[in-house]
Amino acid sequence: MATALESASLVMAPCGYEDGTLGSLQPTDGSGDFTFTRGSNLSATRVNAAGNIEKGYENLLLQSNSFSNATWAKSSVSVTSGQSGYDGTNDAWLLSKSASNAYINQSNITNGVQAFSIYAKANESNFLYVRIYSDSPRVYFDLINGVATNSGPVISSSMEDVGDGWYRCSFSTNLTAANFLRIYPAEAAFDSSATTGSIYIQDAQINQGLVAYPYIETTTTTAQGGILEDTPRIDYSSGPNGSLLLEPSRTNLIPYSEYFVGSGWQRREIVVYPNQSTAPDGTLTATNLAINGGNSELSFLKSSGLVIGADMVFSFYVKKVSNSLPKYAIYDNTNLNYIIPRTLYNITEEWVRVEIPFTIPTGCTSIKCGIVYQSGSGAEGTNINIWGAQLEEASYPTSYIPTYGTSVTRAGDVCGDAGNSSTFNDSEGVLYAEIAALADDSTHRFILLGDGTSQNEVRMAFENFGTSIISLRVTVSGTPQAFEWKQFSLPSILNYKKIAIVYAENRFELWVNGVKERSSSSGSTFPSSTLDRLDFKLASGQLFYGNVKQVVYFPTALSDAALIELTTL
């Protein structure tokens, strides 16, 4: 395999990427890089090399460490820059007051589950007081003893000692009528009445979510981190080397996917404790459920927008704590019948994703998707941890889409336009890919070498002509060569396959997992300077959705021995 790759003119394997570009290992001048778009929001996630689900996030505050800027309104306070900060810089600020209840204020606040954070240190005053209007979550941070005191709708709060008297102070809340944030020097919990006093502050942030994410500097616009809008997702859920994850557009219909007391969630004989343990994304955002009775319920109620006969998938992450005997169910709340009956699931002390496909029955206008849907004795005293609920209209589940107050749509992944006419050989070559489909359904999935039209193309595809079908096609100047369609049925396309298509004058072949499955000894190849791009889609726009470990192009028709080495699993 290594020897064969040395002769390749384009090699895409999980490697370098940035927002909007997926890098290739060959060529190294950038001409073989793939363009990549998704570009709707920060809704996409992946499993990273550490095994955690990685998200995108955004600092929604403006001028996050420019407190003298007019974005921060002032009431009886002054701010002085150039102070010694928590990070060894002189980027901290002295916040000094000249009247009681003095503050700085910013109005760039939005609704939903939000986490506020700021670095702070005591000076003349020993407390930092933060309040968000008009929901009025209020937190007093004791900058001497490292203790936070909450009032109002605060989900959780914390103080991280970062050294030299500095703390990262943070809290999360579910805002429904947010309009502005205020930061005060204070003298004690619930007391900011002194007319003088000061504290040091640095690096403020508000991000969606139940915990504060790593700080990102902002100026006149917000700033993003993690998986960005157009970041290719190199996903490690299938192994240590990773694969490119390409998925269709999907919507998580659950508005609060991690906050299980948000709107839409129904509770009975159960107590919900947010932010109790480490979640699949590595943050302290998993929710503990304490089940108190034999008729316990935690379910999501969906009572609008249902389509009779529509395929749906409900999914969530779950982990055992103690005495785990819960049941899940999907309930037709209109006809008072179970769509999926109460089912005892065998959960363990490791996180697992439970995926429940179902179909909306006739006459159903309201459903309950139950993470816990108990009936009868045996459930009392059960504790489980849950995280990351998702309801999508589809026949199979896709990667997690986080939501913090409203349903969210992740746009489809579009990848292609790699190489140019110098990369590809019109007279002979091999297109190779190691790929797996997301589902064995009625979807066409294409990888295409061509000129951007349907007139000239080397096409490999997982097809919808039957179960687990691979097809290939070579078209030159609008005319199929050697075969118009060659189809080959094989074991599940959900498992990785190594596939190669050979084209040369009077030599056309399909190789799958080390075996030559189809061949023809007649046909012509392309006019000079025809082939100029490699795409994960047809010219008409039908996209490849699946997992891609590698795509390689060879500018020569390899020998049988080389093709056996290349495609053997």
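Scanning segment 275-303 for residues that are surrounded by fewer than 20 Cβ atoms within 10 Å (Cβ to Cβ) and farther than 26 Å from D235 by Cβ turns up Q276, N288, A290, N292, G293, G294, N295, L301, S303.
To keep it simple, each residue is scored yes or no on (1) more than 21 Å from N275 (Cβ to Cβ); (2) in contact with a Cys (Cβ under 9 Å, 6 or more places away or on another chain).
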position	(1), (2)
A115	no, no
K121	yes, no
V130	no, yes
S136	no, no
V147	no, no
N174	no, no
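Checking each residue in segment 511-544 for being under 18 Å from S471 (Cα atoms), buried (at least 21 other Cβ atoms within 10 Å of the Cβ) and touching a residue at least 60 places away in the same chain (Cβ under 8 Å) picks out L534, D535, F536, L543, F544.
Before we move on, is I330 part of a strand (DSSP E or B), among the aliphatic types (A, V, I, L, M) and buried (at least 16 other Cβ atoms within 10 Å of the Cβ)? Before the answer, list the steps.
On the way: part of a strand (DSSP E or B): yes; among the aliphatic types (A, V, I, L, M): yes; buried (at least 16 other Cβ atoms within 10 Å of the Cβ): yes.
Yes.
Just one of the numbered conditions (1) outside any loop (DSSP other than H, G, I, E, B); (2) closer than 17 Å to I330 by Cα is not true of N295: (1).
Tell me yes or no: at least one residue of segment 69-86 is among the aliphatic types (A, V, I, L, M), more than 30 Å from Y256 (Cα to Cα) and either surrounded by fewer than 16 Cβ atoms within 10 Å (Cβ to Cβ) or within 16 Å of the chain's Cα centre (by Cα) (or both). Give the derivation first.
Pass one, segment 69-86, residues among the aliphatic types (A, V, I, L, M): 70, 73, 77, 79.
Narrowing further to those that are more than 30 Å from Y256 (Cα to Cα): 70, 73, 77, 79.
With either surrounded by fewer than 16 Cβ atoms within 10 Å (Cβ to Cβ) or within 16 Å of the chain's Cα centre (by Cα) (or both) added as a condition, the list becomes 70, 73.
Yes, the conditions are met somewhere in segment 69-86.
Residues of segment 445-460 that are in contact with a strand residue (DSSP E or B) (Cβ under 6 Å, 6 or more places away or on another chain) and of a type outside the set (G, A, S): R445, F446, I447, L448, L449, N456, E457, V458, R459, M460.
Test of understanding: among V313, V321, V272, which residue is modelled with pLDDT under 95, touching a Leu at 6+ places or on another chain (Cβ under 9 Å) and in a strand (DSSP E or B)?
Values: V313 fails: modelled with pLDDT under 95; V272 fails: modelled with pLDDT under 95.
Within the list V313, V321, V272, the selection yields V321.
Has segment 200-212 got any residue that is in the same structural domain as Y404 (by TED's automatic domain parsing) and under 20 Å from A50 (Cβ atoms)? If you could, list the steps in order and put the result at the bottom.
Restricting attention to segment 200-212, the residues satisfying the condition of being in the same structural domain as Y404 (by TED's automatic domain parsing) are none.
The answer is no; no qualifying residue exists.
Those residues that are under 17 Å from L449 (Cβ atoms) and among the hydrophobic types (A, V, I, L, M, F, W, C), I need them from segment 14-53; list them, please.
L22, F34
Highlighted here are the strands (runs of 3 or more DSSP E) found entirely within segment 18-85 that include at least 2 residues which are within 30 Å of S407 (Cβ to Cβ) and modelled with pLDDT of 95 or more: 34-37, 56-59.
Residues that are among the hydroxyl-bearing types (S, T, Y) number at least 2 in the following strands (runs of 3 or more DSSP E) confined to segment 487-533: 515-520.
Considering D311, D281, the condition of being within 28 Å of G226 (Cβ to Cβ) and of a type in the set (D, E, K, R) is satisfied by D281 alone.
Please go through segment 112-151 and pick out each residue that is at pLDDT 95 or above and surrounded by fewer than 16 Cβ atoms within 10 Å (Cβ to Cβ). Step through it out loud before you land on a result.
Here is the first cut: in segment 112-151, the residues at pLDDT 95 or above are 112-132, 137-151.
Within segment 112-151, E124, I144, N145, G146, V147, S151 qualify.
Considering only segment 197-213, I want to know if a residue exists there that is in contact (Cβ under 8 Å) with a residue 40 or more places away in the chain and farther than 22 Å from L61 by Cα. For segment 197-213, residues in contact (Cβ under 8 Å) with a residue 40 or more places away in the chain and farther than 22 Å from L61 by Cα: present. Evaluate segment 442-454: report whether one residue or more is in contact with a Lys or Arg (Cβ under 6 Å, 6 or more places away or on another chain), more than 12 Å from L534 (Cα to Cα) and of a type in the set (A, V, I, L, M, F, W, C). Looking through segment 442-454, none of the residues is in contact with a Lys or Arg (Cβ under 6 Å, 6 or more places away or on another chain), more than 12 Å from L534 (Cα to Cα) and of a type in the set (A, V, I, L, M, F, W, C). Name every residue in segment 419-454 that is in a loop (DSSP other than H, G, I, E, B), more than 19 Å from T35 (Cα to Cα) and modelled with pLDDT under 95, in order of residue number. Across segment 419-454, the qualifying residues are L438, A439, D440, D441, S442, T443, H444, S454.
Suppose the filter is outside the structural domain of G294 (by TED's automatic domain parsing), farther than 30 Å from E434 by Cα and part of a loop (DSSP other than H, G, I, E, B); does T220 pass it? Yes: the conditions hold for T220. Would you say T398 is surrounded by 18 or more Cβ atoms within 10 Å (Cβ to Cβ), assigned to a loop (DSSP other than H, G, I, E, B), at pLDDT below 95 and not small (G, A, S)? Criteria not met by T398.
The values are calculated or read from the model by the stated rules, or taken from the named source; none is laboratory data. None of these values were measured; they are calculated from a predicted model. Methodologically, a virtual Cβ is constructed for each residue, glycine included, from the backbone with ideal geometry; neighbour enumeration extends over all protein chains shown.
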